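These notes concern the structure reproduced below.
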Amino acid sequence: MKYKDYYAALDIPRDADLDQIKKAYRKLARQHHPDVSKAADAEARFKDAAEAYATLKNPEKRAAYDALGQPRPGEEFSPPPQWSHAHGQDANGFGDMNLEDLLAAMGQGRSAGPQARRPAPGRDYEDTVHISLRDAHRGTELLMSLGDTDGERKLTVTIPVGVIAGQKLRLRGKGGPGRHGGENGDIYMHIALKPDPIFRT
C-alpha cells in the first residue's frame with residue numbers, strides 16, 4: 001500500500017485547523033478543476049486535493065491518518081498492527097486496498113463490517129420534575145428541555161392523573177437517538193410535589 005501525504009497535497013502544515021484545511025482545498029479545487037485548468041496534471045491534482053480534504057476535514061479520519069506516522073510519499077507501508085489484530089488480517093491482507101480505503105475501513109467512513117458500526121443505544125435522560133398537588137391529581141403537561149449533540153431539544157410530556165411524590169415515570173424511546181440502528185434512549189422523570197399552602201400530601 002502506498003502512502004500519500006495529504007498535508008502536502010493541500011499545501012498546509014500538519015497542525016492546520018479546519019478553517020485552514022477548507023481554505024486550502026477551495027483554493028486548489030478552483031485552481032486545478034479540469035474545466036478551468038488546461039495543465040496536463042490538473043485532473044490528478046484535483047482528485048488528490050479532494051481525497052486529502054475528505055480525510056482531513058473529518059476529525060476521526062484525520063486522527064487515524066495521523067496515527068500512520070509520516071512515511072515518504074509513494075513509499076509502501078503496512079497498516080498499524082493494532083488495527084490488523086482487531087480485524088483478523090495481517091499486513092499481507094491489504095494488498096488490494098488504497099490509503100483512502102484503509103482509512104474508511106478503520107471505522108472512520110464507510111463501514112468495514114459489523115465491528116465498525118455496531119448498533120449503539122441512545123442516551124438516557126433523568127430529571128426530577130416539580131408539580132403542584134392539583135396537577136398531580138388532575139394530570140398536566142410540561143415542556144422539557146433536553147440538551148444533546150444536536151443542540152437543545154424541546155419536548156412536551158404528559159403527567160398522568162394521580163401521580164404521587166417519589167413516583168418514577170419512563171418515556172420509552174424519547175431520549176437521545178440511537179446510532180447505527182440502535183434503539184433510542186429513554187427519559188426517566190422523578191415526581192416531586194411542591195408545598196401546598198392549603199393541602200398536605
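The values are calculated or read from the model by the stated rules, or taken from the named source; none is laboratory data. Please read all numbers here as calculations on a predicted model, not as lab measurements. A quick note on method: Cβ atoms are made from the backbone with ideal geometry, for glycine too, and the neighbour counts reach across all protein chains shown.
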Legend entry - Per-region count, the range 158-178, residues more than 28 Å from the chain's Cα centre (by Cα) and either surrounded by 13 or more Cβ atoms within 10 Å (Cβ to Cβ) or part of a loop (DSSP other than H, G, I, E, B) (or both): 10
Legend entry - Top-ranked residue of the range 13-49 - restricted to ones that are aliphatic (A, V, I, L, M) and surrounded by fewer than 19 Cβ atoms within 10 Å (Cβ to Cβ), ranked as modelled with the lowest pLDDT: 36
Inset, instruction - Check 105, 112, 116 and return the single one that is part of a helix (DSSP H, G or I) and modelled with pLDDT under 90. - result: 105
Inset, instruction - Working only within the range 126-153, note down all residues that are in a strand (DSSP E or B) and at pLDDT 85 or above. - result: 126, 127, 128, 129, 130, 131, 140, 141, 142, 143
